[in-house]
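A short write-up of the structure that comes next.
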Amino acid sequence: MTAELPEYYFRVRDNGAAVFRVDTENRQRRIEMDQIAVVNIKNGEIKPHGDRSLTDEDRKTIEKWMEERLRVLAHRDIDDIYRAVDYMNLTTQWVQSKASPEQLEAVTDQLLLAMHDLRSTLVRKKADRLLKK
């Protein structure tokens, strides 16, 4: 663990974070975390916690965190899709080589419906893109 803690801590939650100011400069040398704001990354809202006022430094740090968080979430989204492609390939291999008739009976309808839904949506979106060109 590093000797110096960051000045801010972001407790991630759905759609954003609770923002805390970290303080170790007290007589007991304990870590104190004082909540200063709540952040919503979906709408970009930064709400001071309670009756607090945020400094310019607070706002800049929070805005920087929000930008980075959006990048992380966007990266995770596309990474999840690439993983889904891998899972589809692994599922195909499982169906072809390992699945028992009972296992296939249990999952075939759900897989077919999900694949049909995905294919329909992909075809529609591709057609929309082609028409825009």
- Note on the structure: Among the residues of the stretch 100-120, the number that are acidic (D, E) and under 18 Å from V85 (Cβ atoms) is 1
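Search the stretch 42-89 for residues being assigned to a helix (DSSP H, G or I) and in contact with a strand residue (DSSP E or B) (Cβ under 8 Å, 6 or more places away or on another chain), and hand back the single one that is farthest from A114 (Cα to Cα).
Our first condition is that a residue be assigned to a helix (DSSP H, G or I); within the stretch 42-89, this holds for 56-89.
Filter again for in contact with a strand residue (DSSP E or B) (Cβ under 8 Å, 6 or more places away or on another chain), leaving 58-59, 61-63, 65-66, 69.
Numbers: D58: 45, R59: 43, T61: 42, I62: 39, E63: 38, W65: 36, M66: 34, R69: 30 Å.
For the stretch 42-89, the residue satisfying everything is D58.
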- Determine which single condition D56 fails, assuming it passes every other condition in (1) over 30 Å from P6 (Cβ atoms); (2) surrounded by fewer than 10 Cβ atoms within 10 Å (Cβ to Cβ). (1)
- Task: Note down all Cβ pairs under 7 Å where the first residue falls in the stretch 11-37 and is at pLDDT below 90, the second is β-branched (V, I, T) and in a strand (DSSP E or B), and they're at least six residues apart or on different chains.
- Result: I31/V22
- Task: Would you mind stating whether D34 is in a helix (DSSP H, G or I) and under 26 Å from the mean Cα position of the chain (by Cα)?
- Result: no
- Which residue, of K47, K64, is free of Cβ contacts under 8 Å to residues at least 60 places away in the same chain, among the basic types (K, R), in the same structural domain as Y8 (by TED's automatic domain parsing) and within 22 Å of E4 (Cα to Cα)? K64
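The values are calculated or read from the model by the stated rules, or taken from the named source; none is laboratory data. A quick note: this is a predicted structure, and the numbers were derived from the prediction, not measured. Every residue, glycine among them, receives a Cβ derived from its backbone with ideal geometry; neighbour counts consider all protein chains shown.
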